[in-house]
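The values are calculated or read from the model by the stated rules, or taken from the named source; none is laboratory data. None of the values given here were measured: they were computed from a predicted structure. Cβ placement follows ideal geometry from the backbone for every residue including glycine, while neighbour counts extend to all protein chains displayed.
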Amino acid sequence: MEPRILELRGEIDRINRELLKLLSERARVAAAIGDIQTELGLSHYDPVREEEMLAYLTAENPGPFSDGVIKKLFKEIFKASLVLQEQEDKRKFLYSRETKPEDTKVRVRNAVFGGEPLVIAGPCAIESEEQMFSTAEFLSRRGVKVLRGGAFKPRTSPYAFQGLGVEGLKLGRAAADEYGMAFVTEVMDTRDVEVVAEYADILQIGARNMHNFALLKEAGRLHMPVLLKRGLSATVEEWFYAAEYILSQGNGQVILAERGIRTYEKWTRNTLDLSGAVLAKQLTHLPVVVDVAHATGRIELMAPLARAALAAGVDAVHVEVHPNPKVAMSDNNQQMDFDQFDAFLKAIGDLLKPAAARS
Ligand code: PEP
Ligand code: MN
(Lines give C-alpha, C1' and ligand atoms only; values in the text may rest on other atoms or scores of the structure.)
(Ligands and ions follow the chains in the order given, each with its own letter.)
Protein backbone atom coordinates (compact mmCIF):
# COMPACT_ATOMS: atom_id res chain seq x y z
CA MET A 1 0.00 0.00 0.00
CA GLU A 2 1.13 3.46 -0.88
CA PRO A 3 2.51 4.94 2.39
CA ARG A 4 0.78 8.35 1.84
CA ILE A 5 -2.60 6.63 1.59
CA LEU A 6 -1.82 4.52 4.64
CA GLU A 7 -0.98 7.61 6.62
CA LEU A 8 -4.12 9.44 5.53
CA ARG A 9 -6.25 6.40 6.29
CA GLY A 10 -4.81 6.44 9.79
CA GLU A 11 -5.98 10.04 10.00
CA ILE A 12 -9.48 9.01 8.79
CA ASP A 13 -9.64 6.25 11.40
CA ARG A 14 -8.79 8.74 14.12
CA ILE A 15 -11.48 11.17 12.89
CA ASN A 16 -14.04 8.33 12.61
CA ARG A 17 -13.41 7.40 16.22
CA GLU A 18 -13.77 11.00 17.30
CA LEU A 19 -16.98 11.34 15.31
CA LEU A 20 -18.29 8.16 16.91
CA LYS A 21 -17.51 9.54 20.36
CA LEU A 22 -19.18 12.85 19.52
CA LEU A 23 -22.23 11.14 18.02
CA SER A 24 -22.63 8.99 21.12
CA GLU A 25 -22.21 12.00 23.37
CA ARG A 26 -24.77 13.88 21.30
CA ALA A 27 -27.19 10.92 21.59
CA ARG A 28 -26.81 10.91 25.37
CA VAL A 29 -27.56 14.64 25.62
CA ALA A 30 -30.52 14.26 23.23
CA ALA A 31 -31.80 11.36 25.39
CA ALA A 32 -31.58 13.53 28.50
CA ILE A 33 -33.72 16.16 26.74
CA GLY A 34 -36.05 13.36 25.59
CA ASP A 35 -36.53 12.11 29.15
CA ILE A 36 -37.57 15.57 30.29
CA GLN A 37 -39.96 15.85 27.33
CA THR A 38 -41.49 12.48 28.23
CA GLU A 39 -41.90 13.60 31.83
CA LEU A 40 -43.64 16.79 30.70
CA GLY A 41 -45.74 15.00 28.09
CA LEU A 42 -44.08 16.96 25.27
CA SER A 43 -43.36 15.64 21.79
CA HIS A 44 -39.78 14.65 21.01
CA TYR A 45 -40.07 15.97 17.52
CA ASP A 46 -39.59 19.71 17.45
CA PRO A 47 -39.48 20.95 13.85
CA VAL A 48 -38.76 24.56 14.86
CA ARG A 49 -35.69 23.49 16.81
CA GLU A 50 -34.52 21.32 13.88
CA GLU A 51 -34.85 24.27 11.50
CA GLU A 52 -32.88 26.43 13.91
CA MET A 53 -30.01 23.91 14.09
CA LEU A 54 -29.93 23.41 10.32
CA ALA A 55 -29.88 27.19 9.87
CA TYR A 56 -26.72 27.77 11.93
CA LEU A 57 -25.06 24.60 10.61
CA THR A 58 -25.45 25.70 7.02
CA ALA A 59 -24.52 29.31 7.90
CA GLU A 60 -21.31 28.07 9.53
CA ASN A 61 -20.61 25.39 6.92
CA PRO A 62 -16.89 25.72 6.01
CA GLY A 63 -17.22 23.29 3.03
CA PRO A 64 -16.33 21.26 1.10
CA PHE A 65 -19.79 19.66 1.54
CA SER A 66 -22.69 21.64 0.09
CA ASP A 67 -25.38 22.98 2.44
CA GLY A 68 -27.73 20.34 1.02
CA VAL A 69 -25.39 17.51 1.97
CA ILE A 70 -24.81 18.94 5.44
CA LYS A 71 -28.58 19.22 5.96
CA LYS A 72 -29.10 15.64 4.84
CA LEU A 73 -26.37 14.29 7.12
CA PHE A 74 -27.61 16.18 10.17
CA LYS A 75 -31.24 15.27 9.50
CA GLU A 76 -30.17 11.61 9.68
CA ILE A 77 -28.48 12.30 13.01
CA PHE A 78 -31.62 14.05 14.35
CA LYS A 79 -33.80 11.17 13.16
CA ALA A 80 -31.58 8.56 14.80
CA SER A 81 -31.99 10.24 18.20
CA LEU A 82 -35.75 10.56 17.72
CA VAL A 83 -36.14 6.86 16.87
CA LEU A 84 -34.02 5.98 19.89
CA GLN A 85 -36.20 8.07 22.17
CA GLU A 86 -39.43 6.63 20.80
CA GLN A 87 -38.11 3.11 21.34
CA GLU A 88 -37.17 4.09 24.86
CA ASP A 89 -40.70 5.45 25.49
CA LYS A 90 -42.29 2.27 24.13
CA ARG A 91 -40.19 0.15 26.45
CA LYS A 92 -41.71 2.01 29.36
CA PHE A 93 -45.34 1.51 28.32
CA LEU A 94 -47.30 -0.40 30.91
CA TYR A 95 -49.02 -2.48 28.23
CA SER A 96 -45.70 -3.61 26.78
CA ARG A 97 -44.17 -7.02 27.23
CA GLU A 98 -40.84 -5.26 27.56
CA THR A 99 -42.15 -3.72 30.78
CA LYS A 100 -43.82 -6.94 31.97
CA PRO A 101 -42.70 -10.08 30.15
CA GLU A 102 -45.13 -12.53 31.76
CA ASP A 103 -48.79 -12.85 30.69
CA THR A 104 -51.34 -10.97 32.76
CA LYS A 105 -54.16 -13.17 33.98
CA VAL A 106 -57.50 -11.52 34.71
CA ARG A 107 -59.61 -13.50 37.13
CA VAL A 108 -63.37 -12.95 37.16
CA ARG A 109 -65.48 -15.27 39.31
CA ASN A 110 -64.90 -18.76 37.80
CA ALA A 111 -63.20 -17.47 34.68
CA VAL A 112 -59.54 -16.70 34.14
CA PHE A 113 -58.64 -14.68 31.07
CA GLY A 114 -55.18 -15.88 30.17
CA GLY A 115 -55.89 -19.36 31.55
CA GLU A 116 -57.91 -21.93 29.59
CA PRO A 117 -59.47 -20.42 26.47
CA LEU A 118 -62.87 -18.87 27.23
CA VAL A 119 -66.10 -18.15 25.41
CA ILE A 120 -67.98 -14.92 26.12
CA ALA A 121 -71.59 -15.18 24.98
CA GLY A 122 -74.98 -13.63 25.48
CA PRO A 123 -77.44 -11.39 23.74
CA CYS A 124 -76.45 -8.17 22.04
CA ALA A 125 -78.90 -6.25 24.22
CA ILE A 126 -80.65 -7.21 27.43
CA GLU A 127 -84.34 -7.13 26.55
CA SER A 128 -86.27 -9.01 29.23
CA GLU A 129 -85.97 -11.26 32.26
CA GLU A 130 -87.11 -14.25 30.27
CA GLN A 131 -84.61 -13.62 27.48
CA MET A 132 -81.68 -13.09 29.85
CA PHE A 133 -82.41 -15.99 32.19
CA SER A 134 -83.10 -18.54 29.45
CA THR A 135 -79.89 -17.52 27.66
CA ALA A 136 -77.82 -17.68 30.84
CA GLU A 137 -79.24 -21.07 31.74
CA PHE A 138 -78.55 -22.42 28.26
CA LEU A 139 -75.01 -21.05 28.14
CA SER A 140 -74.01 -22.05 31.66
CA ARG A 141 -75.08 -25.64 30.94
CA ARG A 142 -72.58 -25.63 28.11
CA GLY A 143 -69.75 -24.43 30.31
CA VAL A 144 -69.77 -20.78 29.25
CA LYS A 145 -68.44 -18.77 32.17
CA VAL A 146 -68.87 -15.21 30.94
CA LEU A 147 -72.30 -13.79 30.13
CA ARG A 148 -72.58 -10.67 28.01
CA GLY A 149 -75.50 -8.34 27.39
CA GLY A 150 -75.79 -4.63 26.73
CA ALA A 151 -77.91 -2.40 28.95
CA PHE A 152 -76.56 0.82 27.44
CA LYS A 153 -76.42 0.31 23.69
CA PRO A 154 -74.39 2.40 21.26
CA ARG A 155 -76.77 2.54 18.29
CA THR A 156 -76.06 4.13 14.95
CA SER A 157 -79.47 5.78 14.94
CA PRO A 158 -80.62 7.83 17.93
CA TYR A 159 -84.13 6.48 17.31
CA ALA A 160 -83.10 2.81 17.61
CA PHE A 161 -83.51 0.86 20.88
CA GLN A 162 -80.99 2.31 23.31
CA GLY A 163 -81.09 -0.48 25.90
CA LEU A 164 -82.93 -0.93 29.19
CA GLY A 165 -80.36 1.03 31.21
CA VAL A 166 -80.20 0.28 34.93
CA GLU A 167 -83.14 -2.13 34.62
CA GLY A 168 -81.04 -4.11 32.14
CA LEU A 169 -78.03 -4.08 34.46
CA LYS A 170 -80.17 -5.60 37.21
CA LEU A 171 -81.43 -8.36 34.91
CA GLY A 172 -77.93 -9.16 33.67
CA ARG A 173 -76.55 -9.33 37.20
CA ALA A 174 -79.43 -11.50 38.44
CA ALA A 175 -79.14 -13.94 35.52
CA ALA A 176 -75.37 -14.22 35.92
CA ASP A 177 -75.74 -14.82 39.67
CA GLU A 178 -78.46 -17.40 39.18
CA TYR A 179 -76.21 -19.47 36.91
CA GLY A 180 -72.83 -18.73 38.49
CA MET A 181 -71.48 -16.69 35.59
CA ALA A 182 -69.44 -13.51 35.30
CA PHE A 183 -71.28 -10.58 33.71
CA VAL A 184 -69.78 -8.19 31.16
CA THR A 185 -71.67 -5.14 29.96
CA GLU A 186 -70.87 -1.90 28.20
CA VAL A 187 -70.53 1.52 29.75
CA MET A 188 -70.77 4.45 27.36
CA ASP A 189 -70.76 7.49 29.59
CA THR A 190 -68.52 8.60 32.44
CA ARG A 191 -71.68 9.43 34.39
CA ASP A 192 -72.73 5.75 34.28
CA VAL A 193 -69.42 4.20 35.30
CA GLU A 194 -70.35 3.94 38.94
CA VAL A 195 -73.72 2.27 38.40
CA VAL A 196 -72.42 -0.12 35.72
CA ALA A 197 -69.51 -1.07 37.98
CA GLU A 198 -72.00 -1.84 40.74
CA TYR A 199 -73.69 -4.54 38.65
CA ALA A 200 -71.01 -5.78 36.24
CA ASP A 201 -67.97 -7.97 36.81
CA ILE A 202 -66.29 -6.66 33.69
CA LEU A 203 -66.79 -3.19 32.29
CA GLN A 204 -66.90 -3.13 28.51
CA ILE A 205 -65.66 -0.09 26.65
CA GLY A 206 -67.07 -0.39 23.16
CA ALA A 207 -65.46 0.28 19.81
CA ARG A 208 -67.14 3.66 19.47
CA ASN A 209 -65.72 4.80 22.77
CA MET A 210 -62.16 3.54 22.44
CA HIS A 211 -61.06 7.13 21.90
CA ASN A 212 -63.17 8.50 24.76
CA PHE A 213 -60.26 9.41 26.98
CA ALA A 214 -62.40 10.66 29.84
CA LEU A 215 -64.15 7.27 29.95
CA LEU A 216 -60.84 5.39 29.72
CA LYS A 217 -59.44 7.39 32.63
CA GLU A 218 -62.56 6.82 34.68
CA ALA A 219 -62.36 3.05 34.03
CA GLY A 220 -58.70 3.25 35.01
CA ARG A 221 -59.60 4.52 38.45
CA LEU A 222 -61.63 1.39 39.20
CA HIS A 223 -60.24 -1.86 40.49
CA MET A 224 -62.14 -4.15 38.17
CA PRO A 225 -61.57 -5.80 34.79
CA VAL A 226 -62.16 -3.74 31.66
CA LEU A 227 -62.84 -5.27 28.25
CA LEU A 228 -61.48 -2.74 25.79
CA LYS A 229 -62.75 -3.12 22.25
CA ARG A 230 -60.61 -1.87 19.40
CA GLY A 231 -62.08 1.20 17.69
CA LEU A 232 -63.76 0.87 14.31
CA SER A 233 -60.89 2.61 12.56
CA ALA A 234 -58.23 2.49 15.24
CA THR A 235 -54.70 1.35 14.49
CA VAL A 236 -53.18 -1.30 16.72
CA GLU A 237 -51.01 1.40 18.25
CA GLU A 238 -54.02 3.59 19.10
CA TRP A 239 -55.72 0.58 20.67
CA PHE A 240 -52.67 -0.04 22.87
CA TYR A 241 -52.53 3.65 23.79
CA ALA A 242 -56.18 3.42 24.86
CA ALA A 243 -55.23 0.48 27.09
CA GLU A 244 -52.37 2.57 28.44
CA TYR A 245 -54.86 5.24 29.54
CA ILE A 246 -56.56 2.65 31.76
CA LEU A 247 -53.34 1.04 32.98
CA SER A 248 -51.72 4.39 33.77
CA GLN A 249 -54.52 5.20 36.20
CA GLY A 250 -53.62 2.14 38.24
CA ASN A 251 -56.05 -0.44 36.86
CA GLY A 252 -54.01 -3.37 35.54
CA GLN A 253 -56.97 -5.59 34.67
CA VAL A 254 -57.35 -4.76 31.00
CA ILE A 255 -58.55 -7.30 28.44
CA LEU A 256 -58.10 -6.34 24.78
CA ALA A 257 -60.80 -7.22 22.25
CA GLU A 258 -60.34 -7.21 18.49
CA ARG A 259 -63.81 -6.82 16.94
CA GLY A 260 -63.06 -6.14 13.31
CA ILE A 261 -62.11 -2.90 11.65
CA ARG A 262 -63.77 -0.85 8.95
CA THR A 263 -62.51 -1.54 5.47
CA TYR A 264 -63.95 -1.23 1.95
CA GLU A 265 -65.33 -4.79 2.21
CA LYS A 266 -69.13 -4.98 2.16
CA TRP A 267 -69.79 -8.70 2.39
CA THR A 268 -68.72 -8.79 6.01
CA ARG A 269 -69.84 -6.27 8.63
CA ASN A 270 -66.20 -5.47 9.45
CA THR A 271 -62.87 -7.08 8.62
CA LEU A 272 -61.41 -9.26 11.33
CA ASP A 273 -57.82 -8.17 11.83
CA LEU A 274 -56.32 -11.36 13.13
CA SER A 275 -52.83 -9.96 12.74
CA GLY A 276 -53.83 -7.15 15.10
CA ALA A 277 -54.99 -9.71 17.67
CA VAL A 278 -51.76 -11.69 17.35
CA LEU A 279 -49.70 -8.50 17.60
CA ALA A 280 -51.62 -7.73 20.80
CA LYS A 281 -50.59 -11.14 22.16
CA GLN A 282 -46.98 -10.65 21.15
CA LEU A 283 -46.41 -7.02 22.07
CA THR A 284 -48.57 -6.76 25.18
CA HIS A 285 -48.93 -9.00 28.21
CA LEU A 286 -52.71 -8.48 28.35
CA PRO A 287 -55.33 -11.15 27.61
CA VAL A 288 -56.81 -10.89 24.11
CA VAL A 289 -60.37 -11.63 22.99
CA VAL A 290 -61.57 -11.97 19.41
CA ASP A 291 -65.16 -10.91 18.88
CA VAL A 292 -66.15 -12.88 15.79
CA ALA A 293 -69.74 -11.59 15.93
CA HIS A 294 -69.12 -7.89 15.39
CA ALA A 295 -66.07 -8.65 13.24
CA THR A 296 -68.10 -10.55 10.64
CA GLY A 297 -71.83 -10.06 11.16
CA ARG A 298 -72.20 -13.48 9.50
CA ILE A 299 -72.89 -16.57 11.55
CA GLU A 300 -71.39 -18.96 8.97
CA LEU A 301 -68.01 -17.25 9.34
CA MET A 302 -67.90 -17.27 13.12
CA ALA A 303 -66.74 -20.84 13.80
CA PRO A 304 -63.94 -20.84 11.19
CA LEU A 305 -62.67 -17.47 12.42
CA ALA A 306 -62.96 -18.44 16.07
CA ARG A 307 -60.91 -21.54 15.25
CA ALA A 308 -58.30 -19.40 13.54
CA ALA A 309 -58.17 -17.00 16.49
CA LEU A 310 -57.88 -19.76 19.09
CA ALA A 311 -55.26 -21.57 17.04
CA ALA A 312 -53.34 -18.29 16.88
CA GLY A 313 -53.30 -18.20 20.67
CA VAL A 314 -55.96 -15.71 21.76
CA ASP A 315 -57.48 -16.13 25.21
CA ALA A 316 -61.19 -15.96 24.40
CA VAL A 317 -63.73 -15.70 21.63
CA HIS A 318 -66.86 -13.59 21.82
CA VAL A 319 -70.25 -14.23 20.19
CA GLU A 320 -73.84 -13.08 20.56
CA VAL A 321 -76.58 -15.56 21.46
CA HIS A 322 -80.32 -14.89 21.68
CA PRO A 323 -83.24 -17.27 22.25
CA ASN A 324 -84.99 -15.87 19.19
CA PRO A 325 -82.70 -13.65 17.12
CA LYS A 326 -85.41 -12.86 14.58
CA VAL A 327 -87.21 -10.69 17.11
CA ALA A 328 -84.09 -9.30 18.78
CA MET A 329 -84.04 -5.55 19.21
CA SER A 330 -80.50 -5.15 17.83
CA ASP A 331 -77.99 -7.03 15.66
CA ASN A 332 -80.59 -9.59 14.49
CA ASN A 333 -78.42 -11.11 11.81
CA GLN A 334 -75.37 -11.82 13.87
CA GLN A 335 -76.96 -13.32 16.98
CA MET A 336 -76.96 -17.11 17.08
CA ASP A 337 -79.97 -19.05 18.26
CA PHE A 338 -79.36 -21.90 20.68
CA ASP A 339 -78.95 -24.55 17.96
CA GLN A 340 -76.50 -22.38 16.08
CA PHE A 341 -74.50 -21.83 19.25
CA ASP A 342 -74.38 -25.58 19.87
CA ALA A 343 -73.03 -26.09 16.37
CA PHE A 344 -70.50 -23.30 16.93
CA LEU A 345 -69.32 -24.81 20.19
CA LYS A 346 -69.00 -28.24 18.60
CA ALA A 347 -66.94 -26.77 15.77
CA ILE A 348 -64.44 -25.06 18.08
CA GLY A 349 -64.57 -27.47 21.06
CA ASP A 350 -61.18 -29.08 20.51
CA LEU A 351 -59.50 -25.66 20.66
CA LEU A 352 -61.09 -24.71 23.96
CA LYS A 353 -58.92 -27.15 25.85
CA PRO A 354 -55.69 -25.72 27.20
CA ALA A 355 -52.95 -25.91 24.58
CA ALA A 356 -51.02 -28.51 26.60
CA ALA A 357 -54.01 -30.89 26.62
CA ARG A 358 -54.55 -30.80 22.86
CA SER A 359 -53.42 -33.83 20.91
C1 PEP B 1 -71.22 -4.90 21.74
O2 PEP B 1 -70.36 -5.76 22.04
O3 PEP B 1 -72.35 -4.89 22.16
C4 PEP B 1 -70.84 -3.83 20.80
C5 PEP B 1 -71.65 -2.80 20.56
O6 PEP B 1 -69.66 -4.04 20.22
P7 PEP B 1 -68.66 -2.99 19.51
O8 PEP B 1 -68.42 -1.89 20.48
O9 PEP B 1 -67.47 -3.83 19.24
O10 PEP B 1 -69.36 -2.53 18.26
MN1 MN C 1 -74.16 -6.37 19.17
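For this structure, a couple of remarks:
- Tally, over the range 91-110, of residues that are touching an Asp or Glu at 6+ places or on another chain (Cβ under 7 Å) and without any contact (Cβ under 8 Å) to a residue 60 or more places away in the chain: 1
Here's the yes/no breakdown for (1) surrounded by fewer than 20 Cβ atoms within 10 Å (Cβ to Cβ); (2) within 12 Å of ligand 1 (Cβ to nearest atom); (3) closer than 29 Å to residue 218 by Cβ:
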| site | (1), (2), (3) |
| --- | --- |
| 253 | no, no, yes |
| 268 | yes, no, no |
| 277 | no, no, yes |
| 292 | no, yes, yes |
| 312 | yes, no, no |
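- Residue match in the range 224-244 (condition: in a helix (DSSP H, G or I), away from ligand 1 (no atom under 12 Å from the Cβ) and more than 12 Å from the chain's Cα centre (by Cα)): no
- Scanning the range 150-193 for residues that are part of a helix (DSSP H, G or I), away from ligand 2 (no atom under 16 Å from the Cβ) and over 23 Å from the mean Cα position of the chain (by Cα) yields 166, 167, 169, 170, 171, 173, 174, 175, 176, 177, 178, 191.
- When residues in the range 189-215 are screened for being away from ligand 1 (no atom under 14 Å from the Cβ) and of a type in the set (A, V, I, L, M, F, W, C), 5 of them pass.
- Looking only at residues in the range 124-149 that are among the β-branched types (Val, Ile, Thr) and outside any helix (DSSP H, G or I), the one that is surrounded by the most Cβ atoms within 10 Å (Cβ to Cβ) is 126.
- Some residue of the range 300-311 being part of a loop (DSSP other than H, G, I, E, B) and modelled with pLDDT of 95 or more: no
- Scan of the range 50-91 for residues that are closer than 21 Å to residue 35 by Cα and touching a helix residue (DSSP H, G or I) at 6+ places or on another chain (Cβ under 8 Å), ordered by number: 50, 53, 75, 77, 78, 80, 81, 84, 85, 88, 89
- Test result for residue 116, in a helix (DSSP H, G or I) and of a type in the set (Asp, Glu): no
Residues are listed down the side, and each one gets a yes or a no for (1) among the polar types (S, T, N, Q); (2) in a strand (DSSP E or B); (3) touching a residue at least 40 places away in the same chain (Cβ under 8 Å); (4) more than 16 Å from ligand 2 (Cβ to nearest atom):
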| site | (1), (2), (3), (4) |
| --- | --- |
| 286 | no, no, yes, yes |
| 289 | no, yes, yes, no |
| 293 | no, no, yes, no |
| 319 | no, yes, yes, no |
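- Close pairs (8 angstrom Cβ cut-off, 6 or more residues apart or separate chains): closer than 22 Å to residue 152 by Cβ and near ligand 2 (Cβ under 10 Å from one of its atoms) in the range 326-337, in a strand (DSSP E or B) and of a type in the set (Val, Ile, Thr) anywhere: 335/321
- In the range 206-230, the residue that is surrounded by the fewest Cβ atoms within 10 Å (Cβ to Cβ) out of those that are among the basic types (Lys, Arg) and within 16 Å of ligand 2 (Cβ to nearest atom) is 208.
- With respect to being touching a residue at least 12 places away in the same chain (Cβ under 8 Å) and more than 16 Å from ligand 1 (Cβ to nearest atom), residue 119 falls outside the description.
- Of all residues in the range 330-351, those satisfying the criterion of being modelled with pLDDT under 95 and outside any helix (DSSP H, G or I) are 330, 331.
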